[in-house]
Structures are given as structure tokens and as C-alpha cells.
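For reference, the structure discussed in these notes is given below.
Quick note: the coordinates plus some simple rules give every number you see, no bench work behind them. Everything numeric here is computed off the predicted structure, so don't read it as measured data. Here the Cβ is made from the backbone with ideal geometry for all residues, glycine too, and neighbour counts use every protein chain on show.
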Amino acid sequence: TGGKRQGDAGYFFEPTIVSGMRQDDEAVQSEIFGPVLTVQSFEDDDEALGYANDVPYALAASVWTKDHTRSLRFSRDLDFGCVWINTHIPFVSDMPHGGFKHSGYGKDLSQYGFDDYTRIKHVMSALD
């Protein structure tokens, strides 16, 4: 559903839901920065986690459930740099943001953003 171009200029298109996807489909395996949601069927939580983690990119994931224990299990087992529970894209400046795998190196926001620009040296001297 969706996917129509908006206007005559630029590369904008309306929010799009693509259902019936297979794990090896390009839309599932790509990191799409746009209003696109791919939908896959799964039999159980382990299969869903397997699908989610079987991609080369891992910037962020959203878990939507009423079961808090289930949401904590998913957030622990998802191999993504950021996991949101029952929300999507809230950024908190005190928390690190950045992906795993091919989604980039390092973190931005928070104190962790300075780690790539800092070298720590330990010097110890015995005094007589």
C-alpha cells in the first residue's frame, strides 16, 4: 500500500507498507531511510528474532507488544544499536545512538560520542 510519488520534484513518496516479503528480498535486506515498512509472517518469537537479526544492517528496531516480559526478551536478543519498545524514533540526548554491523561505526549523542576522539593513557610512576 502507498508508494506513490508525492509532487513533481524531489524523491519523496508517501508512506508505504510492503507485505508478503521473504527474508532474501532486497527491501528486507536493505537499510531504507524512508517511510517504508516491510511485513513478514512468522510462526513464533524465535523465528521473528531470527528474521530480524538476519540482515546486514542494524541501526534501530521497534518492538510493539503488551507483554513487558516479551519486550525485554526481544530488546535483549535483537542485535541492533537501538531498540525502542512501543514507540519509534524518540531520541534522548543523554543516550547513545548508533548502529551495529553495516549501519555505521561509533555513537553520536551522549558522552559516548566522544569515545572515538579520545585516547586514554595510563601512566604510573614509582616514587622513592
Next on the checklist: Take the residues in the stretch 86-107 that are of a type outside the set (Phe, Trp, Tyr) and surrounded by 15 or more Cβ atoms within 10 Å (Cβ to Cβ); name whichever of them is farthest from residue 55 (Cα to Cα).
Outcome noted: 96
Checklist outcome for this item: Every listed condition ((1) within 18 Å of the chain's Cα centre (by Cα); (2) loosely packed, with under 15 Cβ neighbours inside 10 Å; (3) of a type in the set (S, T, N, Q)) holds for residue 110 save (2)
Checklist entry - Can you pull out the residues in the stretch 66-111 that are among the polar types (S, T, N, Q) and out of contact with any helix residue (DSSP H, G or I) (no Cβ under 8 Å at 6 or more places or on another chain)? => result 69, 71, 75, 87, 93, 103, 110, 111
Checklist entry - Inside the stretch 12-30, can you point out the residues that are without any contact (Cβ under 8 Å) to a residue 12 or more places away in the chain, loosely packed, with under 13 Cβ neighbours inside 10 Å and hydrophobic (A, V, I, L, M, F, W, C)? => result 12
Checklist entry - Tally time: how many residues in the stretch 96-128 are closer than 20 Å to residue 57 by Cβ and among the hydrophobic types (A, V, I, L, M, F, W, C)? => result 2
Item to check | Flag for residue 79 being at negative phi and touching a Lys or Arg at 6+ places or on another chain (Cβ under 9 Å) | outcome: yes
